[in-house]
Amino acid sequence: MSGEMIQIHGGDYEHVLGLSGTRRDIEVEYVVKPLLEVFEGMLANRSYEACEFSLSNYIMLKDRGAEWLHAVPVFPYRAFRHSTLYVRRDSPLQGPADLVGKVVGVPDYSMTAAVWTRGILGEQYDVHWAKMKWIASGRQRFSVIEGVDLKVTDLDLETELVEGRIDALLTPTPRDETLPKSERRLRSLIANVQEAEEAYVRDYGVYPINHVIVMREDALARLPQLPQALFEAYLDAKARAYKRRLGTTLVPWGMRHWVKMFDQFDGDPLPYGLTPLNRSVVDRLAGFLYDQKLTSRRLSIDELFLPQCRDLGI
């Protein structure tokens, strides 16, 4: 096996710096690439032997019988989703409860950010996704199961919100936020986002996982030790990032913020492996997917991770 090589395509994060190197006789090369391009390439053409991937889309693929793809319990990207809901600055909507009966736009109904946001709305605010009307833009990655009030449009959803034709927009990255503050036309529906996120951690113990590392079946057949090699590569890179405390010398009050956040997450805000905490977070997302009619059943951890992957890091 000596001399074998594999590329991992993924996002540009501080905690993957220096990930490339030799692990278990495999030369691992990390390639930074726009994640939307990676996701779409994997879905349409199975373009990469190993890559970062949408966790919700991975679960949906397994529900649809995809035996060509397997996940390694490395979760390189987590994000709270309370900040994804936007309304016009002059909107009468003041909080999640006001979304009942309203039209909410979303770029891709199945994207992990949307699944988490709808789940959080129901769990933390008692506003079930079915109480809203949904409109998505462009070609969707997956079709939804019957029973979802969803329309698809070619119109630009942010423009639709700004011009008052929809009530709210669910998106992690509105163009509006790139404008000077005085020119912004949108605001967050949840006024104090960080306070809401901290309450979610406190009450539910969840820092939402959004992405997972996946590998194709043919890559696993070629390199049986690949799951362990990928896991160790990510673990080592993360450990070096933690040691450097990246960002603490750049951002004012960065060191105090670093210490506070690491204390809040027991020293590791990005745990890898199928720890009891990670199992509960993945299981929660699987439950949201089933409730939102994106999967036909609630998949278990054992269905999502191969036996040789379940004990990594445990």
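The values are calculated or read from the model by the stated rules, or taken from the named source; none is laboratory data. Quantities reported herein were computed from a predicted structural model and do not represent experimental measurements. All Cβ positions, glycine included, derive from the backbone under ideal geometry; neighbour counts span all protein chains shown.
In the stretch 1-16, of all residues being surrounded by 15 or more Cβ atoms within 10 Å (Cβ to Cβ) and farther than 16 Å from F53 by Cβ, the one that is farthest from the chain's Cα centre (by Cα) corresponds to E4. Of the numbered criteria (1) more than 17 Å from the chain's Cα centre (by Cα); (2) at pLDDT below 95; (3) surrounded by fewer than 14 Cβ atoms within 10 Å (Cβ to Cβ), the one N45 fails is (2).
Per the listing D291, D266, D302, D218, the residue uniquely surrounded by fewer than 19 Cβ atoms within 10 Å (Cβ to Cβ), outside the structural domain of D149 (by TED's automatic domain parsing) and within 22 Å of R46 (Cα to Cα) is D218.
For the stretch 91-101, the set of residues classified as in contact with a Lys or Arg (Cβ under 9 Å, 6 or more places away or on another chain) and not in a helix (DSSP H, G or I) consists of S91, L93, V100, G101, listed by residue number. For the stretch 203-314, the helices (runs of 4 or more DSSP H) that sit wholly inside it and include 1 or more residues that are of a type in the set (D, E) are 217-222, 226-244, 254-264, 276-291, 301-304. Among the conditions (1) among the β-branched types (V, I, T); (2) within 24 Å of L99 (Cβ to Cβ); (3) in contact (Cβ under 8 Å) with a residue 40 or more places away in the chain, the only one that I209 does not satisfy is (2). On the stretch given as the stretch 102-145, residues that are in a helix (DSSP H, G or I) and aromatic (F, W, Y) total 3. Is it the case that some residue within the stretch 25-41 is modelled with pLDDT under 95, in the same structural domain as V282 (by TED's automatic domain parsing) and at positive phi? Yes: the stretch 25-41 contains one or more residues that are modelled with pLDDT under 95, in the same structural domain as V282 (by TED's automatic domain parsing) and at positive phi. Per the listing P96, P73, the residue uniquely out of contact with any strand residue (DSSP E or B) (no Cβ under 6 Å at 6 or more places or on another chain), buried (at least 16 other Cβ atoms within 10 Å of the Cβ), assigned by TED's automatic domain parsing to the domain that holds S182 and not aromatic (F, W, Y) is P96. Contact map, the stretch 160-183: first residue over 24 Å from W129 (Cβ atoms), second residue in a helix (DSSP H, G or I), Cβ cut-off under 7 Å, separation 6 or more or different chains; pairs are R175/E158. Out of curiosity, is V193 β-branched (V, I, T), touching a residue at least 40 places away in the same chain (Cβ under 8 Å) and within 30 Å of Y234 (Cβ to Cβ)? Criteria met by V193. Is it true that some residue in the stretch 245-258 is among the hydroxyl-bearing types (S, T, Y) and exposed (fewer than 13 other Cβ atoms within 10 Å of the Cβ)? Yes, some residue in the stretch 245-258 is among the hydroxyl-bearing types (S, T, Y) and exposed (fewer than 13 other Cβ atoms within 10 Å of the Cβ). Checked against the criterion of being under 30 Å from L61 (Cβ atoms) and modelled with pLDDT under 95, the stretch 161-172 has at least one qualifying residue. The residue pairs whose first member lies in the stretch 282-299 and is among the basic types (K, R), whose second member is part of a loop (DSSP other than H, G, I, E, B), and whose beta carbons are closer than 8 Å, counting only pairs six or more residues apart or on different chains, are R284/V206; K293/V144; K293/I145; K293/E146; K293/G147; K293/V148. Selection over the stretch 44-86 of residues that are of a type outside the set (A, V, I, L, M, F, W, C), in contact with a Cys (Cβ under 8 Å, 6 or more places away or on another chain) and in a strand (DSSP E or B) gives a count of 1.
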